[in-house]
Structure formats: structure tokens, C-alpha cells
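J.: I am attaching a structure below and will ask some questions about it afterwards.
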Amino acid sequence: MAGLFLEDIHKHFGSVVAVQNVDLRIPHGRFVCFLGPSGCGKTTLLRLIAGLERPTRGRVLLEEADITDQPAHQRNFGMVFQSLALFPHLSVGDNIAYSLRIRKADASVRQRRVDALLELVRLPGYAGRHISQLSGGQRQRVAIARALAIEPRLFLLDEPLSALDAKLREDMQLEMRMLQQRLGVTTILVTHDQREAMTMSDLIVVMGTDNQVHQMGTPLEIYRNPADTFVANFIGTSNLLKGICSGSRQVTISGKTLGIEAMPENVKEGSAITISVRPEDISVVAGAPEGANHLPGRVTFVRDVGSSVEIYLDCNGFQIISQSTPKSRPAVRQGDVATAVLPPAACVVLTA
Ligand code: ATP
């Protein structure tokens, strides 16, 4: 099957475990983000793919060929790092053409390629400029053009946008995503910014503080169906409520039975579980009306940020956060008795 395979990858630096138990298949042509907190092993995994590190155990396969021992310079991968590492003494054009020159491409081929790439990254006519005469975003685009000059089989990016200010960063995210879609090159981006990962990726690989992969899926799959409490907490905000399984489609939370839509197959009655419910799926009604999946409580805080309103409830010792739009804002205030309503379909049962 086409794509990149990471098979049982482990990487240790002395006694430090940088990455462990990684089995991944990255299909051809996708935009994939490695997402996780600092130190979870994202960069190490990217460097293993690039050939800049050798795994302690496991194999890297590309289009079914084992490339574990292939040196980085023979892999034909394009790379952009946070530092960009452009050559300051060379012009924009010479930076982009650098690897083509090393590969002894002739001058007219180099020129055509540089012009096409500058067009692609929206910097036509910039070939003669010096790197020092460019803005941060323009340097970024030159680094991308340089990495693409060799028509890479894989495009690897390690937090290339983190030094840019927020607005430029968002513009570049969009540009990079559109560029990747046009070229169809398999791209892996390392980031610890979940918003960046959610907006750019076809697939997200979530790594945890145990230096393992917790989940790989589309942004929506990961948001709607987190594999465990770590993913539910790391991607967006989630209400995590501990309870027990009390039937094939019900759980008991703090003495209150809630209906759910699906119970994982391995969960038996009486087992400890956690349910994850996104704040925007929870509605709040004033007072304490009885009803299915109603959790009565008291409003402890109302946070109004203009575009959305968050209501914090204390429901018998559990904190529940609900989020609504200003239009659907519940008529409750701090200190009021109110009830959280948790739709069965929004309650995702987690076992870890
Ligand atoms: P960040 O987001 O902070 O860049 P990361 O998720 O990319 O973090 P890595 O840089 O891959 O994490 O590091 C994973 C672990 O391996 C960390 O504990 C780090 O200190 C350790 N590590 C990485 N490279 C080396 C090295 N060359 N020698 C020793 N330890 C290393």
C-alpha cells in the first residue's frame, strides 16, 4: 500500500525515552500534523523520518521500501525548520537553487525552477533580493520554496511558523495548506498548537507525555471521538466526568443515571469509566426540571467573551462547563439553581 510506514519505532537517548511503541501509516498525499505537548517526541519522530536520527528499534518504510538505514541526503525529502537556516549571504534565487546546484542541474533549468517556485510562493521577481531585505513571512516562503526545489517525496516541517506573529501565522497556515493541496506532496508538520493542527491537517497524530501515539484520525474524529482522557483534554475543552458503566447504554455519574448512545465493546457493567462531553453540546436550563440526562446544580461562574458564553455549574461536586452563543444564552446568573442537559449522543465513554 502506498505511503509512509513507521513500524514499532522506539528511540532512546541514553536513558531518555524520546519515542516509543510507534506504529503509523501515513497515506500518500496527505497533510499530517504531529501534535502534542513539549517533550512528547514530535521532533524526534520527524527526524527519524528525515533520516537525521536512527531508531533504537523499528523500521521506516516508504512505498514499501525499507529506508531505515538510508542517509538523509539520499531520501529526497524537503525540510523546513523553525530556524529556517537560509543562507544570509546568498540571494533569494541562490538560496532556492542551492540544492539544484549541488545536484549539478544546469543554469537554465535552475532559473526556470526558481521562477516557478517564486510564483508558487507568491514572491515573483524576488530572485535578486537579499535575505536580509525580506520580512519574516517572506523568508518563510523562501524556505518553503527552497525545500520544494528538489520536488521532494516527503515535505517535513518542524514548527516553521512559530516565530511569526499571530496574523501572519494564520495567513501562512492557509497558504501552506493550499500549496500542499495544489502539489499533492505528502506533508508532515510538527506543532504543539492544536488550532494549527485542526485547521491544516487531513490527519492528526496526537502524542502524549508518555512519548507514545495516543490517536491518529481526522481533526473531526479526534475532536468528536477522542481515544482517551489525554486526547479529550489536549484537543479543545472537555468535561470529563468519572462514573461507572451501569447498563449496555447507560452510565452512573454521582448517583445519577445517564443514557448514552454507544458503549465501547470491552466495557462491562460495573467498570469504572469516564465520559467526555464537549461544552458546546451541553445546554443549561434555569431551575431544576426533572428529565433524562438532566444534572441539577448551581451556577458558579458566567464567562461572557462576546462571541460565546460559558456557564460553569457545580453539579453535586462535579464542575460542568457549558458553552453557548450569545443568541442561545441561558437565562441564568451566578448563584442560580440550574440544570445541565447532556445529550446521549454527545457523551463519549472513555476507559483510559
Ligand atoms: P518540543 O515541542 O519542546 O520541541 P518535542 O515533542 O518535539 O518537544 P523532542 O524534541 O522530540 O520533543 O524530545 C523528546 C524527548 O527526547 C525529550 O525528553 C528530549 O529532552 C529528549 N531528546 C531529544 N533529543 C535528544 C538528544 N539529542 N539527546 C538527549 N535527549 C534528547
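The values are calculated or read from the model by the stated rules, or taken from the named source; none is laboratory data. Predicted, not measured: the structure shown is a model, and the values here were computed from it. Here the Cβ is made from the backbone with ideal geometry for all residues, glycine too, and neighbour counts use every protein chain on show.
J.: Would you check if there is a residue in region 185-194 being farther than 24 Å from G93 by Cα, in contact with a strand residue (DSSP E or B) (Cβ under 9 Å, 6 or more places away or on another chain) and more than 16 Å from the ligand (Cβ to nearest atom)?
T.: yes
J.: Can you tell me how many residues in region 1-37 are part of a loop (DSSP other than H, G, I, E, B) and polar (S, T, N, Q)?
T.: Of the residues in region 1-37, 1 are part of a loop (DSSP other than H, G, I, E, B) and polar (S, T, N, Q).
J.: Also, I was wondering about something else. L45 - would you say it is outside any strand (DSSP E or B) and either over 22 Å from the mean Cα position of the chain (by Cα) or buried (at least 18 other Cβ atoms within 10 Å of the Cβ) (or both)?
T.: For L45, the condition - outside any strand (DSSP E or B) and either over 22 Å from the mean Cα position of the chain (by Cα) or buried (at least 18 other Cβ atoms within 10 Å of the Cβ) (or both) - is met.
J.: Sort through V92, V80 and tell me the only one that's among the aliphatic types (A, V, I, L, M), closer than 20 Å to I49 by Cα and in contact (Cβ under 8 Å) with a residue 24 or more places away in the chain.
T.: V80
J.: Where residues in region 52-68 are under 23 Å from the mean Cα position of the chain (by Cα) and more than 15 Å from the ligand (Cβ to nearest atom), which of them is nearest to V16 (Cα to Cα)?
T.: My answer is V60.
J.: State whether one or more residues within region 107-116 are in a loop (DSSP other than H, G, I, E, B) and exposed (fewer than 12 other Cβ atoms within 10 Å of the Cβ).
T.: No: zero hits.
J.: Counting just the residues of region 321-352 that are surrounded by fewer than 17 Cβ atoms within 10 Å (Cβ to Cβ) and among the polar types (S, T, N, Q), which one comes out farthest from V309 (Cα to Cα)?
T.: Applying the filter and picking the extreme gives T351.
J.: Another question, if that's okay. Which is in the same structural domain as I150 (by TED's automatic domain parsing), surrounded by 14 or more Cβ atoms within 10 Å (Cβ to Cβ), more than 16 Å from the ligand (Cβ to nearest atom) and within 22 Å of G217 (Cβ to Cβ), of G29, G93?
T.: G29
J.: For region 179-227, enumerate the residues that are in contact with a Cys (Cβ under 7 Å, 6 or more places away or on another chain), surrounded by fewer than 19 Cβ atoms within 10 Å (Cβ to Cβ) and either assigned to a strand (DSSP E or B) or β-branched (V, I, T) (or both).
T.: Matches in region 179-227: T209 only.
J.: When you look at C40, is it part of a strand (DSSP E or B), within 15 Å of the ligand (Cβ to nearest atom) and buried (at least 21 other Cβ atoms within 10 Å of the Cβ), yes or no?
T.: no
J.: If we scan region 303-322, do we find a residue that is touching a Lys or Arg at 6+ places or on another chain (Cβ under 6 Å) and over 28 Å from L220 (Cβ atoms)?
T.: yes
J.: Which condition breaks for G14 when tested against (1) over 15 Å from M207 (Cα atoms); (2) away from the ligand (no atom under 12 Å from the Cβ); (3) loosely packed, with under 15 Cβ neighbours inside 10 Å?
T.: (2)
J.: Continuing with this model, one more query. Being in a loop (DSSP other than H, G, I, E, B), acidic (D, E) and in contact with a Cys (Cβ under 6 Å, 6 or more places away or on another chain), is that true of even one residue in region 284-306?
T.: No; the residues of region 284-306 include none that is in a loop (DSSP other than H, G, I, E, B), acidic (D, E) and in contact with a Cys (Cβ under 6 Å, 6 or more places away or on another chain).
J.: Looking only at region 69-83, which residues are under 19 Å from the mean Cα position of the chain (by Cα) and within 14 Å of the ligand (Cβ to nearest atom)?
T.: Across region 69-83, the qualifying residues are F81, Q82.
J.: Next question. Please find, among P71, P88, the residue that is in contact with a Ser or Thr (Cβ under 7 Å, 6 or more places away or on another chain), more than 29 Å from Q215 (Cβ to Cβ) and not β-branched (V, I, T).
T.: P88
J.: Of the residues D304, D281, which single one is loosely packed, with under 14 Cβ neighbours inside 10 Å, acidic (D, E) and over 15 Å from K256 (Cα atoms)?
T.: D304
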